[in-house]
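The values are calculated or read from the model by the stated rules, or taken from the named source; none is laboratory data. Quantities reported herein were computed from a predicted structural model and do not represent experimental measurements. Heads up, the Cβs are rebuilt from the backbone with ideal geometry, glycines too, and the neighbour counts pull from every protein chain shown.
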Amino acid sequence: MTINMDSVADQSRPADQPVLEIDHLKVTFATDGGDVYAVKDVSLDVRSGEVLAIVGESGSGKTVTAKTILGLLPETATSGGAVLINGNNVISVSAAKLRQIRGRDVAMVFQEPSTALNPVFTVGWQIAEGIRAHAGGAGGKRVSAKDAKARAIEALRKVGIPDPEHRVNYYPHQFSGGQKQRVVIAAALALNPGLIVADEPTTALDVTVQAEILELLRDLRDIYGTSIVLITHNMGVVADLADRVVVMYQGDVVEEAPVRVLFAEPKQDYTKKLLAAVPHLGRNSASEGLRERAHQGSPVLVEATNLTIEYPGRLGTPAFKAVDGVSFTVSQGEVFGLVGESGSGKTTIGRAIAGLNRTTGGSLKVLGYEMLNLKERTFKPLRKDIGFVFQDPAASFNPQLTIGDCVAEPMIIHTNPSPAQARKRVAELLESVQLPASYAQRYPHELSGGQRQRASLARALILNPRLLIADEPTSALDVSVQAKVLELFKEIQAEFGFAALFISHDLAVVDILSQWVGVLYKGKLVEQGIGSQVMGAPQHDYTKRLIASLPVPDPDEQARRREAHRALLAQ
């Protein structure tokens, strides 16, 4: 495949000169409550063809640092120090010069492709727009629409989009999540910049899609010599891709080292804590030592037999079978982990158990109630025995209600308590999920992501449910916050003894919590069994591929797993 590398040739530089130099960067945001110091004193550099990972928790300043590199800070921000790209200080250059630097010298891959892409324009038009805006440069020859489209097609081919000549005319909604992320990367690559800043490029992706994106970024480094600044909190991704790591905490760089040195011999306590919080497949497994089903003989709370869920087709299209002949049980006191990629049907099953989706075939008994031909009037009394922890607590809480009102809402609907009883119960639950009772007076936006997820767990538990459904409750959390939420979940489940269906695409997280695991693929349950057996000795090819795709926080082990994954794909 021939790629136009003219713009890379234009950017030739001495081999020992960094692509990016950040020198004593400081960034302050003006707020009504006074100045907030987001970045205090950061210095780092990135060499040609190097992947530098910047890691840390939310609020550490890593994304602010990344946005400074492209001059994307809001007007409320004040920055000092220097950010040098090919000798140009991004902080002090003119707007016209900054426009030249963006796209040609440095480009950004944003965290959420669905918001980065405009839904009303084709992806080809959006990529071509960047090419036409930046390719000419100061006094340079403008690029024709025909040439820009040809280069957009080449960029899509470069990132592995099939049939780019036709798909260049597709709209964003016609691509899957992983393909949209590839399109965003294609837009960043369209002018062959020497440096790409990737802000959490794989956070919301399935492990198999994540593996594809990481392979793509690795090819950009190895084949085209592209330098990459990788912003992430996923230490498995860091171990898989990075050459060097910078650890940030509260706006400062606390440690910097080559990737193998950092993982083998971290110096700072914060780095050690960050690495210790990373879930590792096979470590602290909830099913370790089990030889048979943990709660065999206990009452069965959920029983699915050849469960089928179809969505009717529209405008002459055939019906879509989201769940196809699935059978499993969840017993009292058991955590059943349901894993699979997006579109596998796991969330559909969870919502069907809660009575939020209709079943269309087979049998689904929940707390003894047959969900086929569900009648809300007869099922409503059972709803108080089912708790639901949603994936995004920010979206599931009413922003106009206090946390106390949100947590108490199920109790008020089902039991009509007095205000004093509701306040007392809310205070008890907030304390049990390790939040101060005073947080009941706060609003959802005043809590961090981890705190909102704890409050969401409190709401799900307020009626002492017999069954809890947790749908991707930790997917968007930092590793340290995720570790705390998982530990809290284990403690509360042991204390209250409820059964739980834990839905996730992160196998390491499921392994920590679940005694029994089921693997879904395209609506079918292809494998199920004791968690340690399914994860340790998978039988189905899809399960093997899923496990091989999961990056682990160990560079040497991850290199071996990457080769094993390539061998599986080759088969």
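Miscellaneous remarks
- Check on residue 517, within 18 Å of the chain's Cα centre (by Cα) and among the aliphatic types (A, V, I, L, M): no
- Each residue in the range 252-266 was checked for being farther than 21 Å from residue 23 by Cβ and either touching a residue at least 60 places away in the same chain (Cβ under 8 Å) or part of a helix (DSSP H, G or I) (or both), and 6 of them qualify.
- Hits in the range 170-219 (condition: among the polar types (S, T, N, Q), closer than 21 Å to residue 66 by Cβ and assigned to a helix (DSSP H, G or I)): 181, 210
- Looking at 225, 251, just one residue is surrounded by fewer than 23 Cβ atoms within 10 Å (Cβ to Cβ), closer than 20 Å to residue 69 by Cβ and either assigned by TED's automatic domain parsing to the domain that holds residue 65 or in contact with a strand residue (DSSP E or B) (Cβ under 8 Å, 6 or more places away or on another chain) (or both), and that residue is 225.
- Boolean, residue 358 is in contact (Cβ under 8 Å) with a residue 40 or more places away in the chain, outside the structural domain of residue 494 (by TED's automatic domain parsing) and basic (Lys, Arg): no
- Criterion (outside the structural domain of residue 307 (by TED's automatic domain parsing), more than 22 Å from residue 302 (Cα to Cα), surrounded by fewer than 17 Cβ atoms within 10 Å (Cβ to Cβ) and not polar (S, T, N, Q)) met by exactly one of 444, 436: 436
- The conditions of being crowded, with 18+ Cβ neighbours inside 10 Å, in a helix (DSSP H, G or I) and among the acidic types (Asp, Glu) are met by residue 240.
- All positions within the range 267-285 that are assigned to a loop (DSSP other than H, G, I, E, B), modelled with pLDDT of 80 or more, more than 21 Å from the chain's Cα centre (by Cα) and not hydroxyl-bearing (Ser, Thr, Tyr): 267, 268
- Checking residue 65 against (1) in contact (Cβ under 8 Å) with a residue 40 or more places away in the chain; (2) in a loop (DSSP other than H, G, I, E, B), the condition it does not meet: (2)
- Scan the range 539-566 for residues that are more than 13 Å from residue 508 (Cβ to Cβ), of a type in the set (Lys, Arg) and touching a residue at least 12 places away in the same chain (Cβ under 8 Å) and the total you get is 3.
- Odd one out for residue 491, checked against (1) touching a residue at least 60 places away in the same chain (Cβ under 8 Å); (2) surrounded by fewer than 24 Cβ atoms within 10 Å (Cβ to Cβ): (1)
- Which listed residue, of 49, 71, is surrounded by 15 or more Cβ atoms within 10 Å (Cβ to Cβ), at positive phi and in contact with a Ser or Thr (Cβ under 7 Å, 6 or more places away or on another chain): 49
- When 480, 514 are checked against the criterion of being surrounded by 18 or more Cβ atoms within 10 Å (Cβ to Cβ), at pLDDT 85 or above and closer than 30 Å to residue 448 by Cβ, a single residue qualifies: 514.
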